[in-house]
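What follows is a short report on a single structure.
The values are calculated or read from the model by the stated rules, or taken from the named source; none is laboratory data. Note that this is a predicted model, so its numbers are computed, not measured. Methodologically, a virtual Cβ is constructed for each residue, glycine included, from the backbone with ideal geometry; neighbour enumeration extends over all protein chains shown.
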Amino acid sequence: MIQSYRPLITATALAIAAATSLTAPAVAQTGYPMLMSLKPVAAQRGQESEHLIKSRYTMFGAYQVLVSGEGVTGEIVHPEVKEGEEPKLQEMRVRFRVADGALPGVRDYRIVAPNGVSTLGQIVIVETPVVVETGDNNGADQAQEVALPQTICGAIEKAEDVDVYKFSVRAGEAYSFHVRSQRLQDRIHDLQQHVDPILTLRHANGSTLAASDNYFHGDPFIHHQFEQAGEYFLEIRDARYQGNAYWEYSIEASSEPFVTNVFPMGLARGQAAKLEYVGHRLDSQSESFLTVARDAQTGPRWRGLPLGEKRTNPAPVVVSKLPVVVERADANETAQAGQLVALPTGISGRISAPNDIDCYRFAAMKGERYSFQVVARRYQSQLDSHLRILDDSGKQLSLNDDMKLGKRTFSDSWIENWQAPADGIYAVEIRDLHLRGGPEFVYHLQATRATPYFELYVDTDKTQLTPGTNGVIFVRAVRKNGFAGEIQLGIDGLPAGVVAQCGKILAGKGQDGCIVLQAEPEAQPAAANVTILGTGTSEAGASLAATASPYQETYQPGGGRGHWPVEMHTVAIGSPSDVRAVHIDKAQLTLKPGESQRIGVTIERAEGFEKNVSLDVTYNHLNSVYGNPLPPGVTLDKKNSKTLLTGKTTEGHITLTAAKDAQPVEAQQICIMAHISLNFVMKATYTSEPIRVSIAE
């Protein structure tokens, strides 16, 4: 049963003026807005500010802004447009309102327009006033004067662009300079080369006081105490002296305490913990006590933590449903000297110095299975973990360096489904890959019993619909620890006027399933963030469930189709576009092993739309398949299909063939897609009604 979904997204829907009517355009517009940059990229907490969005494809008629988290809302600032005009609006202003209590940090946002919901952009919520780069500020003689503390926003917008800011300080003052730039570009769909910023702090005489390149992943950070009063310069550029109009940055220059990490990193629900803060300007406030509520949501979280009468900047902690053990001060560098722990548990520790190695001993019975996952580098720790399982003599039994989660690899480690070969005492060993160490090398090691489960991933972050048309969501399962059962898909939070036909992911090797969404012919413009779910049953009869993680697709150098995990999947109803419907001549198909059958397809083109349309039953790019809900053994017979509809052509067909050894399947849901290329990677996709494919015995 699908439970009610409480949205994580706040939205402001605005009245749509006559100039932004959602009636069908005379000439169809294919592309949905693909956000490229936001200027300035930061907004101050407790303030209202205007920002300029730049996009590929028009944003004309945009009427809604969606922002992740709480306390931040957006409003489209409609430009003046002459009656009857529909300009290709690729720049648009948005007004963001940030509540006093909004958590600082990075938020995802997107806009909704008649031609579809946009790709995601990011905005940084900051504490200090925002100042924007003005004019040509290359070099000390043209430096832009700023008054700290402030957040400085600008762009490294061309080759050899070196932005310089001049400021004054008193003797003894200390400031942190926190850059966000490269980390803001992962979700930009068509930014194939990313900035590599380097930050330099200079004396008035030009000498270098401090410099930073990669501190928080690819972004710099500097903390400096000024011994002498006077003028100083802050310089930011690309490390390669390259530039791009979309390479925006924010530099949070603050004199407040700055927390980079917390020890222990893991906090058990319902228990009090003494926290040690790691960072700058903490002085006597480097410790605090915190009790996590018993019903707190578990997992990694960014939280403002107690700091006297104030709160810290958001710091990463892991809220654990397991008991939490904290590393002792005793030496624990070998399997024999390791700290004894009882599994399952969460272990919070720190690689406190170069060459430090931490070992934890545990008892296991023959055949017992455990998983060990490190949470560190993904959440701002400096640790690049290296994880091993050892027997009591120190012999290596298992090793992992980097973990794979969904479509991406991370520097944290994960040994999954390890099986004890005999009754005995074992050790889990953790160290830094490069044998570095220090106060910021904190970690939380989750040691759990390995039980069957599955993960779900959604191939994209948005589904575009128009009144009376269909769309498809592909969901991929990653099966873990022996789970091989069927997974029934579900969806919650759909906008009014949209219904879903939820398919399943077949048992065994079945990896993908699909959900077909259908917008009613009279559906009104709307957008909503949805939750996509899956349920199944383990071999032992246990009920299993998972919430799918959406990805935004990105355009990679060389034409590859990349993915980046995001927080929201948005379903939107826009105005009629290039393809008004995809019709099929049969919605049910039963194949015998070795048999082929044809499905006739007819598309309705918008008046004047004569671009190529390609038909398919699987979602592909180059040599990779990103969505394939077909039963195992069933394939598209390309030679006996007409999949390319050129010019005014509206009719084609798809031929499906079952292999001679195809196993019986009953009513597996698929659909036929009609694709229009937007660029080499991105497509506008329209779909047929669901088709149920069976394979007879």
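Read through the list (1) among the hydrophobic types (A, V, I, L, M, F, W, C); (2) surrounded by fewer than 19 Cβ atoms within 10 Å (Cβ to Cβ); (3) within 30 Å of Y232 (Cα to Cα), then give the number of the only condition that V77 fails.
Answer for V77: the failing condition is (3).
Look through G503, G468, G485 and report the one residue that is surrounded by fewer than 23 Cβ atoms within 10 Å (Cβ to Cβ) and either touching a residue at least 60 places away in the same chain (Cβ under 8 Å) or in contact with a His (Cβ under 7 Å, 6 or more places away or on another chain) (or both).
So the residue among G503, G468, G485 that is surrounded by fewer than 23 Cβ atoms within 10 Å (Cβ to Cβ) and either touching a residue at least 60 places away in the same chain (Cβ under 8 Å) or in contact with a His (Cβ under 7 Å, 6 or more places away or on another chain) (or both) is G468.
Inside segment 647-666, can you point out the residues that are part of a strand (DSSP E or B), small (G, A, S) and in contact (Cβ under 8 Å) with a residue 60 or more places away in the chain?
Passing the criteria: only A658.
This table checks each residue for (1) among the hydroxyl-bearing types (S, T, Y); (2) within 22 Å of the chain's Cα centre (by Cα); (3) outside the structural domain of P632 (by TED's automatic domain parsing).
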{"site": "I473", "(1), (2), (3)": "no, yes, no"}
{"site": "D492", "(1), (2), (3)": "no, yes, no"}
{"site": "L506", "(1), (2), (3)": "no, no, no"}
{"site": "Q511", "(1), (2), (3)": "no, yes, no"}
{"site": "S538", "(1), (2), (3)": "yes, no, no"}
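Say whether the condition of being acidic (D, E), in a strand (DSSP E or B) and over 17 Å from A335 (Cβ atoms) is met by at least one residue in segment 376-394.
no
Considering only segment 257-277, state which residues are over 23 Å from Q373 (Cα atoms) and buried (at least 21 other Cβ atoms within 10 Å of the Cβ).
F258, V259, Y277
Given Q373, Q382, which one is touching a strand residue (DSSP E or B) at 6+ places or on another chain (Cβ under 7 Å) and either crowded, with 19+ Cβ neighbours inside 10 Å or not aliphatic (A, V, I, L, M) (or both)?
So the residue among Q373, Q382 that is touching a strand residue (DSSP E or B) at 6+ places or on another chain (Cβ under 7 Å) and either crowded, with 19+ Cβ neighbours inside 10 Å or not aliphatic (A, V, I, L, M) (or both) is Q373.
If P25 satisfies all but one of (1) at pLDDT 90 or above; (2) buried (at least 16 other Cβ atoms within 10 Å of the Cβ), what's the number of the condition it fails?
P25 satisfies every listed condition except (1).
Please give the strands (runs of 3 or more DSSP E) falling wholly within segment 402-511 in which 1 or more residues are of a type in the set (F, W, Y) and in contact with a helix residue (DSSP H, G or I) (Cβ under 7 Å, 6 or more places away or on another chain).
Hits in segment 402-511: 408-410.
Note down all Cβ pairs under 9 Å where the first residue falls in segment 361-380 and is under 15 Å from A450 (Cβ atoms) and at pLDDT 95 or above, the second is among the basic types (K, R) and surrounded by fewer than 20 Cβ atoms within 10 Å (Cβ to Cβ), and they're at least six residues apart or on different chains.
Pairs that qualify, where the first residue is under 15 Å from A450 (Cβ atoms) and at pLDDT 95 or above and the partner is among the basic types (K, R) and surrounded by fewer than 20 Cβ atoms within 10 Å (Cβ to Cβ), are E368/R449; R369/R449; Y370/R449; S371/R449; S371/K480.
So which of E252, E231 ends up being modelled with pLDDT of 95 or more, crowded, with 23+ Cβ neighbours inside 10 Å, of a type in the set (D, E) and part of a strand (DSSP E or B)?
E252
Cβ-Cβ below 7 Å, separation at least six or inter-chain, first residue in segment 283-303 and assigned by TED's automatic domain parsing to the domain that holds F263, second part of a helix (DSSP H, G or I) and surrounded by 16 or more Cβ atoms within 10 Å (Cβ to Cβ): which pairs?
Within 7 Å, the pairs are P300/Y379.
Please verify whether segment 35-50 includes one or more residues that are of a type in the set (V, I, T) and in a strand (DSSP E or B).
no
Go through segment 286-306 and report how many residues are of a type in the set (A, V, I, L, M, F, W, C) and either assigned to a loop (DSSP other than H, G, I, E, B) or surrounded by 19 or more Cβ atoms within 10 Å (Cβ to Cβ) (or both).
Number satisfying all stated conditions: 4.
Do you know which residues across segment 380-420 are small (G, A, S) and over 20 Å from the mean Cα position of the chain (by Cα)?
Hits for segment 380-420 are S385, S393, G394, S398, A420.
Mind checking which residues of segment 176-206 are polar (S, T, N, Q), modelled with pLDDT of 95 or more and part of a loop (DSSP other than H, G, I, E, B)?
S181, Q185 - these are the residues of segment 176-206 that are polar (S, T, N, Q), modelled with pLDDT of 95 or more and part of a loop (DSSP other than H, G, I, E, B).
If we scan segment 526-534, do we find a residue that is in a loop (DSSP other than H, G, I, E, B) and either touching a residue at least 24 places away in the same chain (Cβ under 8 Å) or not basic (K, R) (or both)?
The answer is no; no qualifying residue exists.
Can you find, within segment 441-465, the residue that is surrounded by the fewest Cβ atoms within 10 Å (Cβ to Cβ) among those that are among the charged types (D, E, K, R) and more than 30 Å from I357 (Cα to Cα)?
Only one residue fits best here, namely E455.
For segment 595-603, check the following and say yes or no: at least one residue is touching a residue at least 60 places away in the same chain (Cβ under 8 Å) and closer than 27 Å to R110 by Cα.
Looking through segment 595-603, none of the residues is touching a residue at least 60 places away in the same chain (Cβ under 8 Å) and closer than 27 Å to R110 by Cα.
Across segment 308-366, what is the number of residues that are surrounded by 14 or more Cβ atoms within 10 Å (Cβ to Cβ), part of a strand (DSSP E or B) and touching a strand residue (DSSP E or B) at 6+ places or on another chain (Cβ under 7 Å)?
Looking only at that region, the number is 24.
Can you tell me which residues in segment 605-626 are out of contact with any helix residue (DSSP H, G or I) (no Cβ under 9 Å at 6 or more places or on another chain) and farther than 15 Å from Y686 by Cβ?
E607, G608, E610, T618, N620, N623, S624, V625, Y626 - these are the residues of segment 605-626 that are out of contact with any helix residue (DSSP H, G or I) (no Cβ under 9 Å at 6 or more places or on another chain) and farther than 15 Å from Y686 by Cβ.
Being out of contact with any Lys or Arg (no Cβ under 6 Å at 6 or more places or on another chain), assigned to a loop (DSSP other than H, G, I, E, B) and at pLDDT below 90 is true for just one of A15, A11, A62, A19. Which residue is that?
One residue alone meets the criteria, A15.
In this structure, is L209 of a type in the set (A, V, I, L, M) and either within 15 Å of E173 (Cα to Cα) or surrounded by fewer than 13 Cβ atoms within 10 Å (Cβ to Cβ) (or both)?
For L209, the condition - of a type in the set (A, V, I, L, M) and either within 15 Å of E173 (Cα to Cα) or surrounded by fewer than 13 Cβ atoms within 10 Å (Cβ to Cβ) (or both) - is met.
Here is a yes/no grid of residues against (1) touching a Lys or Arg at 6+ places or on another chain (Cβ under 6 Å); (2) assigned to a strand (DSSP E or B); (3) surrounded by fewer than 17 Cβ atoms within 10 Å (Cβ to Cβ):
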site: P550; (1), (2), (3): no, yes, no
site: T554; (1), (2), (3): no, yes, no
site: H563; (1), (2), (3): yes, yes, no
site: E567; (1), (2), (3): no, no, yes
site: V582; (1), (2), (3): no, yes, no
site: G594; (1), (2), (3): yes, no, yes
site: R598; (1), (2), (3): no, yes, yes
site: K611; (1), (2), (3): no, no, yes
site: P629; (1), (2), (3): no, no, no
